[in-house]
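K.L.:
Below is one structure. I have some questions about it.
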Amino acid sequence: MFHPYEIEELIDDGVISSRFPNFNNPMDFYEVVKIDLTNIKECILTVESTFKQKADDPTYYYNIKDNENQTKKVLYPDKMLEVWHCYNTYPQFIRYSFITGIYSLFEERFMNLCYRYGYRFENGNLISIDEFKRRRENKSINGIFLAKKYCADILGIKIVNDMWDELTYYNQIRNCIVHSRGYTLKTPYKNNSWKKERLEIAIRGIDGIDTKDDLIKINDTACLHFIQVTEEFIKSLCKQIPIDNTN
């Protein structure tokens, strides 16, 4: 039976072997995150394909001849609303859900990495992420921003700026979805120019995300790109974590 933390590997004779992760090796931690992200990716591709197949159902259309005697496919009037939903409403709804889900996974795994491996770094000022959070200057910092600051300031992990910038853009998109249902002119943004500017920068910074009628619109590539950046970012962190040879 498939186990969510099972790691599958292709060995020399072409046989796929399975093993459970050894979290002493940080790259096994990365592999587990990759499994979750791959499952989400496959789910996205399946759902997107299902909507498209539904909208293109041949029973929803009939053929006519145009003035040049060319056959054209015409949608039955009673199917127009359903097809509209399959091309527009439903994909946006599910993409919003995927963005928030991917972000939640990223935040939890990033924080977990700090808890799980922070002790391995030889640093005279080494403290836990909880102790780091209790510092007065960090009390207002949470989530991925706390984890990033802890990794950079305490553990000395190098953060790849380009990837981090993209992840903070997705943070802004996620916040707008969660707190404003994707509307960019609702109260949190309408009355706060700083928040509005940050959101606008994020929208411009991600290919596949735009606005229409003041509503965030997400195309079929933006969620997949979020998965790719998240995976690469976690991998870049895990490569910098020392192996604990005492276990």
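K.L.:
Restricting to the range 46-67, give me the number of residues that are in contact (Cβ under 8 Å) with a residue 12 or more places away in the chain and part of a helix (DSSP H, G or I).
P.N.:
Here the count works out to 7.
K.L.:
Of these, Leu146, Leu167, Leu155, which one is modelled with pLDDT of 95 or more, within 29 Å of Ile206 (Cβ to Cβ), more than 17 Å from the chain's Cα centre (by Cα) and surrounded by 13 or more Cβ atoms within 10 Å (Cβ to Cβ)?
P.N.:
Just a single option satisfies the conditions, and that option is Leu146.
K.L.:
Moving to a separate point now. Among the residues of the range 197-224, which ones are of a type outside the set (Gly, Ala, Ser), over 18 Å from Arg181 (Cα atoms) and in contact (Cβ under 8 Å) with a residue 40 or more places away in the chain?
P.N.:
The answer is Ile206, Asp220, Leu224.
K.L.:
Then there's this: For residues that are acidic (Asp, Glu) and touching a Phe, Trp or Tyr at 6+ places or on another chain (Cβ under 9 Å), scanning just the range 214-246, find the one that is farthest from Lys41 (Cα to Cα).
P.N.:
If we take residues in the range 214-246 being acidic (Asp, Glu) and touching a Phe, Trp or Tyr at 6+ places or on another chain (Cβ under 9 Å), then Asp244 is farthest from Lys41 (Cα to Cα).
K.L.:
Restricting to the range 68-91, what's the tally of residues that are surrounded by 13 or more Cβ atoms within 10 Å (Cβ to Cβ) and outside any helix (DSSP H, G or I)?
P.N.:
The number of residues fulfilling the criteria is 1.
K.L.:
Kindly indicate whether Tyr170 is closer than 20 Å to Ser104 by Cα, in contact with a Ser or Thr (Cβ under 9 Å, 6 or more places away or on another chain) and assigned to a helix (DSSP H, G or I).
P.N.:
Spelling it out, Tyr170 is indeed closer than 20 Å to Ser104 by Cα, in contact with a Ser or Thr (Cβ under 9 Å, 6 or more places away or on another chain) and assigned to a helix (DSSP H, G or I).
K.L.:
Taking the conditions exactly as written (out of contact with any Pro (no Cβ under 9 Å at 6 or more places or on another chain) and without any contact (Cβ under 8 Å) to a residue 60 or more places away in the chain), does Ile99 satisfy them or not?
P.N.:
For Ile99, the condition - out of contact with any Pro (no Cβ under 9 Å at 6 or more places or on another chain) and without any contact (Cβ under 8 Å) to a residue 60 or more places away in the chain - is not met.
K.L.:
Could you tell me how many of the residues in the range 106-130 are surrounded by fewer than 17 Cβ atoms within 10 Å (Cβ to Cβ) and out of contact with any Pro (no Cβ under 9 Å at 6 or more places or on another chain)?
P.N.:
Residues that pass the stated criteria total 11.
K.L.:
Does Val229 fit the bill of being closer than 30 Å to Tyr119 by Cβ, surrounded by fewer than 18 Cβ atoms within 10 Å (Cβ to Cβ) and not polar (S, T, N, Q)?
P.N.:
No.
K.L.:
Continuing with the same structure: For the range 139-167, give me each residue that is assigned to a loop (DSSP other than H, G, I, E, B) and among the hydroxyl-bearing types (Ser, Thr, Tyr).
P.N.:
Ser140
K.L.:
Check Ile94, Ile99, Ile40 and return the single one that is part of a helix (DSSP H, G or I) and in contact with a Leu (Cβ under 8 Å, 6 or more places away or on another chain).
P.N.:
One residue alone meets the criteria, Ile40.
K.L.:
Now for a different question. With (1) under 16 Å from the mean Cα position of the chain (by Cα); (2) more than 27 Å from Asp36 (Cα to Cα); (3) among the β-branched types (Val, Ile, Thr) as the list, and Thr211 as the residue in question, which single condition is left unmet?
P.N.:
Answer for Thr211: the failing condition is (1).
K.L.:
Please go through the range 185-203 and give me each residue that is surrounded by 11 or more Cβ atoms within 10 Å (Cβ to Cβ) and not in a loop (DSSP other than H, G, I, E, B), ordered by number.
P.N.:
Pro188, Tyr189, Lys190, Lys195, Lys196, Glu197, Arg198, Leu199, Glu200, Ile201, Ala202, Ile203
The values are calculated or read from the model by the stated rules, or taken from the named source; none is laboratory data. On a predicted model such as this, the values are computed, not experimentally measured, just so you know. Cβ atoms come from the backbone with ideal geometry, glycine included; neighbour counts cover every protein chain shown.
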